[in-house]
Structure formats: structure tokens, C-alpha cells
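Undergrad: Questions regarding the structure given below will be posed in turn.
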Amino acid sequence: MAIARPEFDLAIIGGGPAGSAAAITAARFGARVALLEAGEFPRHKVCGEFISAEALDVLHDVLARVPEAESRLHAAPTIHQVRLIRDRRSIAAPVIPAGLSLPRYELDLLLWKAAQQAGVQTQADCEVRTVKGDGPFGLDTSRRTIQASAVIVAAGRWSRFRPRMLAPRGPKWIGIKAHFRERKPLPSSDLYFFEHGYCGVQPISPDAINACAMVRSDRATSLEEVFALQPALADRSRDWQPLTEPVTTAPLMYFTPNPVRDNLIFIGDAAAFIDPFVGDGISIALRSGQLAANELRPAIENSTLLPAAVANYQKNYEQQFVPLITAASRIRPLLSWPKPAQFAVLEFLRLPGVMPYLIRRTRRPAD
């Protein structure tokens with residue numbers, strides 16, 4: 001007797017940039033895809049909202065059939081430089097090629113619409129409670145139970161499908177973000193450093209900026225407290241007018257990249273959390289999503305077995321993304337160094353070629 005084919009070739013848990021990119025890619029080669037999102041759109045997320053040049057080719061591709069996407073990307077502020085600021089000292093380096101700045105409130109919704117137009121069966125407000133099997137899979141959701149030949153987890157770093165992590169003792173690292181009105185912000189991604197934290201500021205329109213901070217909870221728990229920790233940022237923010245309510249996430253924890261488990265594929269932050277200040281989170285989300293779908297294609301088309309496809313994804317993930325995450329992690333201790341040490345690093349970064357080298361180390365060259 002023939003075994004019944006599952007309802008879906010691929011079920012994706014999480015509808016952010018990683019999950020949507022995977023869904024669109026798979027649907028375009030003919031896969032029957034379910035994209036399941038626990039929340040609703042549009043929504044704000046804690047994010048620096050920088051889209052590096054490495055991500056733009058993927059983004060243009062996956063959004064190609066959304067009528068309003070091209071005009072929105074064209075209107076997005078172009079980020080030509082990055083500035084590192086400690087107290088009132090600063091250094092700048094060009095961003096080559098330039099990146100874009102687009103709020104997650106808009107980006108995630110554009111990608112969700114692109115998935116729908118690609119033929120993906122999307123379901124918001126749909127929490128996946130359990131996944132059973134190792135291929136095919138049964139997913140118990142808050143809506144109904146579905147069957148799928150393959151599953152991708154794109155549910156973020158706190159996914160219930162990851163091994164449980166214990167938060168370290170002591171103060172926790174938290175993320176805080178909000179949008180503010182500012183007249184004519186520079187086309188720059190500005191990173192304001194202070195002891196045990198930093199705040200990134202960049203334009204999202206000709207008269208608005210995104211402020212996104214990563215800070216230890218014994219130093220600050222609100223953006224107002226963050227601004228007060230950095231003299232140059234305190235001056236700059238004095239006349240800002242809030243445009244959105246702050247959103248937060250905590251605790252921010254790092255773990256060894258783990259892109260597969262039990263024939264499940266993990267992408268985006270669910271696979272690994274790259275340090276936010278390097279500005280490559282959205283790029284890795286989009287690229288890992290596209291990679292996962294492409295590696296699953298032979299299994300979905302029955303030309304290989306699922307374990308072989310999962311193994312190929314793991315191999316390529318480790319080659320493409322783990323070096324970037326590792327390089328970023330080596331810069332992370334800078335956030336906890338005392339002020340004299342941070343000043344010394346700032347002076348070192350002034351040496352010709354040092355800043356561009358560090359930027360290249362945390363970027364994947366565009367194909």
C-alpha cells in the first residue's frame with residue numbers, strides 16, 4: 001500500500017525574514033509550503049534595521065513580485081558610513097558597498113506578502129506547540145495539526161525547539177528599541193559605546209531615526225537611561241520626539257551555532273545569534289533561509305533522502321556563516337572593557353585599513 005503524501009512538503013515555524021525567505025524560495029520551485037507565525041503583522045521588533053549590501057540581492061529577489069516593494073526599497077535611506085563614538089571621540093569608515101535602513105515593521109510585512117503571492121499558505125496567530133517525528137513530521141499548532149515532509153525552524157533564539165539554556169547569574173543583557181523624530185539625520189550608522197553597552201542610531205526616513213541599544217540591566221533598563229550614559233548621545237537625543245513605544249527583548253544570550261537537530265533545520269537567530277553591532281543579522285537571516293530551502297529541494301523532489309539534505313545544509317551553513325559569527329564574538333568583549341581600554345581600541349581603529357578589515361571579517365561576500 002502506498003504511503004499517503006503529507007499535506008505539505010515543507011512547514012516553516014516563524015514568519016520573520018529568515019522564515020519568509022525560505023518559504024518564498026521553496027514555493028518558487030513548486031513546493032507546497034506552510035508558513036506558521038505565532039504573532040501578527042505588522043509588528044515592531046528589537047533590531048538595528050540595517051540591511052547590508054550582502055543581503056540586498058536576496059531581498060530584491062524574494063520581494064520581486066510585491067508591487068510596492070521596489071519603490072519602498074528605493075525610498076529607504078542609504079547608509080554610506082559607520083561611526084564609532086565613545087564619550088565625544090569618534091572615528092568613521094565608509095560602508096562599501098552601501099547598505100539600506102528599513103524598519104522591521106515594514107520589512108517583515110513586505111516579506112509576508114511576498115510569501116502569500118508566491119503561493120505559500122500563511123497562517124499568523126498560529127503557535128506551533130510540538131513537532132513529532134523525524135521526517136515526515138506532525139506539527140500540533142494552536143489552529144490544527146498539520147503534516148509536512150520537512151520542517152524549518154525560524155522562530156528566533158528563544159524557540160521552544162532549541163535546547164533550554166540557563167541564563168547566567170548576575171545582570172542580564174537586554175535589547176531596547178524605539179523610533180524618534182530627528183531633523184535631517186546623517187546617512188550613517190552611528191554606534192555610541194559606553195561601559196557595558198552600546199546604542200546604535202541610524203535614519204529610517206528623512207526625519208526619523210531608529211535607536212536600538214544593547215545594555216547590561218544594571219546599567220540601564222530604558223532608552224532614556226541609555227542616552228544618559230553616553231555624553232554625545234545625550235546631547236543628540238535631547239530634542240528627539242518619540243514616534244513609537246519602546247520594544248524590548250531579554251536576556252540576550254549567545255550560544256554555539258546549531259543549525260540542525262533531529263532532521264529539523266534551524267535558520268536565522270534560531271540557528272545562532274550574531275552580535276547585533278556588526279549589522280549582519282538580517283543578512284544572515286535572509287541568506288540562511290534561502291540556503292535551507294535550496295538544500296531541501298532534492299529531498300522535496302524525492303531525488304535524495306531528508307537526512308542527506310539536512311547534512312548538506314549543516315555543512316554549507318558552517319562554511320558560510322559560522323566564520324562570521326565567530327569573528328563577531330571576538331569583538332564582543334569590547335563592550336565590557338573599561339573606558340581607558342575602549343579609548344585605546346578607538347585610537348587603534350584609526351590606523352589605515354583597520355576598520356575596513358574588521359567590517360570585511362563580519363561580512364559574507366556577495367555572490
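Undergrad: Just report the Cα centroid separation between the stretch 1-62 and the stretch 111-141, whole Å.
TA: Here the two parts' Cα centres lie 9 Å apart.
Undergrad: In degrees between 0 and 90, to the nearest 10, how far off the longest principal axis of the chain does helix 53-62 point, with axes built from Cα atoms?
TA: It works out to around 40 degrees.
Undergrad: Here's something else I'd like to know. Hey, what's the stretch 197-274 come to in accessible area per residue, 1.4 Å probe, Å²?
TA: 39
Undergrad: May I ask you to compute the full-extension gain from Arg5 to Arg43, defined as 0.36 nm times their residue separation minus their alpha-carbon distance, rounded to one decimal in nm? Write down the numbers at each step before the final one.
TA: Numbers: separation 38, 0.36 × 38 = 13.68 nm, distance 3.52 nm.
That works out to 10.2 nm of additional length.
Undergrad: When the helices in the chain are scored as -39500 (n - 2.57) per DSSP H run of 4 or longer and the sum is shared across all residues, what 222 nm value do you end up with, to the nearest 500 deg cm²/dmol? If you can, show how the numbers build up before the last one.
TA: Values: 11 runs with 120 residues, N = 367.
Theoretical 222 nm ellipticity from helices: -10000 deg cm²/dmol.
Undergrad: In nanometres, what is the gap between the two model label sites at Lys172 and Ala250, each 7 Å from Cα along Cα-to-Cβ?
TA: Spacing of the two 7 Å Cα→Cβ label points: 0.6 nm.
Undergrad: What's the FRET efficiency of Asp134 with Trp158 using the Cβ-Cβ distance as r and R₀ = 30 Å, to the nearest 0.05?
TA: Details: r = 23 Å, r/R0 = 0.77.
So the FRET efficiency works out to roughly 0.85.
Undergrad: Quick one: among Thr122, Thr25, Thr304, which has the greatest mean-square fluctuation in a GNM of the chain with alpha-carbon springs under 10 angstrom?
TA: Sorting by GNM fluctuation, first place goes to Thr304.
Undergrad: If you don't mind, there's one more thing I want to ask. Express the accessible area of the stretch 13-122 per residue in Å², computed with a 1.4 Å probe while the remaining protein chains stay in the model. Numbers along the way, then the final one.
TA: Details: 4110 Å² over 110 residues.
That works out to 37 Å² for each residue.
Undergrad: Suppose the chain between Ala308 and Asp87 were pulled fully straight at 0.36 nm per residue; how much longer would it get relative to their current alpha carbon spacing? It would help to have the intermediate numbers written out before the result.
TA: Details: separation 221, 0.36 × 221 = 79.56 nm, distance 5.19 nm.
Gain in length upon complete extension: 74.4 nm.
Undergrad: Still on this model: Starting from 0.36 nm per residue, how many nanometres of slack lie between Ser222 and Asp57 once their C-alpha separation is accounted for?
TA: Details: separation 165, 0.36 × 165 = 59.40 nm, distance 3.55 nm.
Taking 0.36 nm per residue and subtracting the Cα distance, the gain is 55.9 nm.
Undergrad: Helix 339-349 against the longest principal axis of the chain: what's the angle in degrees, Cα atoms only, rounded to the nearest 10?
TA: 80
Undergrad: Classify the chain as rounded, prolate or oblate, taking a ≥ b ≥ c as the square roots of the eigenvalues of its Cα gyration tensor: rounded when a/c is under 1.5, otherwise prolate if a/b is larger than b/c and oblate if not.
TA: Prolate.
Undergrad: If you don't mind, there's one more thing I want to ask. Could you give the angle, 0 to 90 degrees to the nearest 10, between helix 17-28's Cα long axis and the longest principal axis of the Cα atoms of the chain?
TA: 40
The values are calculated or read from the model by the stated rules, or taken from the named source; none is laboratory data. Predicted, not measured: the structure shown is a model, and the values here were computed from it. Cβ sites come from the backbone with ideal geometry, for glycine too, and all protein chains shown count toward neighbours. We work out accessible area using only protein heavy atoms, side chains counted, and drop any ligands, DNA or RNA first. Shrake-Rupley method; radii C 1.70, N 1.55, O 1.52, S 1.80 Å.
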